[in-house]
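The values are calculated or read from the model by the stated rules, or taken from the named source; none is laboratory data. Just so you know, these numbers come straight off a predicted model, no measurement behind them. Please note: Cβ atoms are built from the backbone with ideal geometry, for glycine as well, and neighbour counts cover all protein chains shown. The protein model used for the area step is the full one, side chains on, heavy atoms only, and it has no ligands, DNA or RNA in it. Shrake-Rupley method; radii C 1.70, N 1.55, O 1.52, S 1.80 Å.
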Amino acid sequence: MPLLQAKLNQPMRDWQGRSVWIIGASTGIGRATAEALRAKGARVIVSARDSAALQDFANSPPGCLALPLDVSEPGTVAAAAQAVHTALGAAPDLVLYCAGYYRPLRATAFDLPEMQKHLAVNYVGVLLVLDAVLPMLLQAGRGHIALVGSVAGYRGLPMSLAYGPTKAALNNLAENLYLDLHPQGLGVSIINPGFVETPLTAQNHFKMPALISPAEAAQHILQGWARGQFEMNFPRRFTRWMRLLRCLPDRWYFASVRRITKA
């Protein structure tokens, strides 16, 4: 197979009997992906801060494990990962990091605590999870790590002063993880959605182009895994323009963003 046509990851199509740990599964994309994977026969362990929402998911129908977790509390992440390993008796087949935090912010109203909270949840939380799960995945010689980024990480955008940089960091991190872990038999993917109807995007007071539901986002993600993709961005009618903006010279890019957003 020509190099440019080769699958970057081992395609994941059959979920029957596979084990999945989803972090950030109480609402939105994480919850919808958990539901989609459970419907396909996967054993799903869900984590988030909202223990009531997690237990509701785990009980209907029963068979899933709810494991409350606040990724901004370092001491709890390693214990949660060990609980996952104990419950499964092995390393999970897939670890999906979907926890996220977002507040609109501009540099003219710079807020250091808000910047730090974005960093703690959207990026440092990922590092804590990697620190906990990489040893077990490497020992097993299999498994897949998926991170939920955003097209907001492609380039700077208005109101994304705190959020965008954390998602840009995830894109770079995922590329580095892939380079190091693919030769070890592990898969890595980065998921960059456009606008998805979630409690986070409900804070936006502007018309969000190509807005999709969490269930639609979950289907895009499962399709990407089935195709062995490294990056998934959707819906393409929106994200293809965001990818194009990333390639523009700086002068054109800033002028285009100001024109489109009236920033």
Tally up the residues in segment 210-225 that are surrounded by fewer than 17 Cβ atoms within 10 Å (Cβ to Cβ) and not in a helix (DSSP H, G or I), please. 3
Does M1 count as under 24 Å from G187 (Cα atoms) and at pLDDT 95 or above? no
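A quick yes/no check of all residues on (1) open to solvent by 60 Å² or more (accessible area, probe 1.4 Å); (2) outside any loop (DSSP other than H, G, I, E, B):
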| site | (1), (2) |
| --- | --- |
| V71 | no, no |
| A91 | no, no |
| T108 | yes, yes |
| P113 | yes, yes |
| V126 | no, yes |
Could you run through segment 231-253 and say how many residues are under 20 Å from A36 (Cα atoms) and open to solvent by 30 Å² or more (accessible area, probe 1.4 Å)? 1
For the list (1) at pLDDT 85 or above; (2) in contact with a helix residue (DSSP H, G or I) (Cβ under 6 Å, 6 or more places away or on another chain); (3) at positive phi, I need the number of the one condition that A210 fails. (1)
Does segment 128-172 hold any residues that are basic (K, R) and either surrounded by fewer than 18 Cβ atoms within 10 Å (Cβ to Cβ) or assigned to a strand (DSSP E or B) (or both), and which are they? R142
Whether any residue in segment 35-49 is within 24 Å of P199 (Cα to Cα), open to solvent by 70 Å² or more (accessible area, probe 1.4 Å), part of a helix (DSSP H, G or I) and touching a helix residue (DSSP H, G or I) at 6+ places or on another chain (Cβ under 8 Å) is what I want to check. yes
What do you reckon, is S60 crowded, with 19+ Cβ neighbours inside 10 Å, among the hydroxyl-bearing types (S, T, Y) and more than 30 Å from P158 (Cα to Cα)? no
Among the residues of segment 187-208, how many are over 17 Å from the mean Cα position of the chain (by Cα) and surrounded by 13 or more Cβ atoms within 10 Å (Cβ to Cβ)? 2
Residue check for E175: at pLDDT 95 or above and either open to solvent by 60 Å² or more (accessible area, probe 1.4 Å) or touching a Pro at 6+ places or on another chain (Cβ under 9 Å) (or both): yes
Which of the numbered conditions does A79 fail, given that it passes all the others? Conditions: (1) surrounded by fewer than 16 Cβ atoms within 10 Å (Cβ to Cβ); (2) touching a residue at least 12 places away in the same chain (Cβ under 8 Å); (3) more than 25 Å from L157 (Cα to Cα); (4) of a type in the set (A, V, I, L, M, F, W, C). (2)
Where a residue in segment 166-193 is touching a residue at least 24 places away in the same chain (Cβ under 8 Å) and its partner, wherever it lies, is of a type in the set (K, R) and surrounded by 20 or more Cβ atoms within 10 Å (Cβ to Cβ), with Cβ under 9 Å and at least six apart: N192/K167
Can you tell me which of (1) over 23 Å from A120 (Cβ atoms); (2) touching a helix residue (DSSP H, G or I) at 6+ places or on another chain (Cβ under 7 Å); (3) open to solvent by less than 70 Å² (accessible area, probe 1.4 Å) is the one I22 doesn't meet? (1)
